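The structure appears below as structure tokens.
The values are calculated or read from the model by the stated rules, or taken from the named source; none is laboratory data. Just so it is clear, the model here is predicted, and its values are computed rather than measured. With ideal geometry, Cβ positions are generated from the backbone for all residues, glycine too; neighbour counts draw on all protein chains shown.
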Amino acid sequence: MTSEKWARLREDVYCGLRRGAWYRVLFAGHEYVAVDVERERLLIPREVLEFAAERPAMWAVVLHSRESVSFPPRYGRNFAVCPNCRSRQVPIGRPNMLRCQLCNGLFEVGWQHPIVVSGTRQESRAIAS
């Protein structure tokens, strides 16, 4: 395995992973990466992922375009993903820090690098193994 131990989607594709959430890398091959999703191994194409050596400790901000049909309407224009438990939460205003309502973790919010969900979401072949 490489030194890249965490992965998340860097492209707006549908493959069974939540936008903004980091997943533990179990194995990294040349074409596919196996990630842990709820104690199940899921193979994701390497090209649609971004990697980190350590699990980032910052809320990921997910924005949607007006064309996005898959964005959960209850989240409004954006939501944040907890770096600890992957819970989704709608920030009020634009806070620098946010406490998770599920795990009670307090983390900085990553407003400077939002993840944009467009209306042109593609299918990406994920393989459960």
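Some notes on this structure:
- Segment 18-50, residues that are in contact (Cβ under 8 Å) with a residue 60 or more places away in the chain and either surrounded by 15 or more Cβ atoms within 10 Å (Cβ to Cβ) or of a type in the set (Ser, Thr, Tyr) (or both): Arg18, Arg19, Gly20, Ala21, Trp22, Tyr32, Ala34, Leu42, Leu43, Ile44, Pro45, Val48
- Listed here are the strands (runs of 3 or more DSSP E) enclosed by segment 15-129 that have at least 2 residues being more than 17 Å from the chain's Cα centre (by Cα) and at pLDDT 90 or above: 23-28, 97-99.
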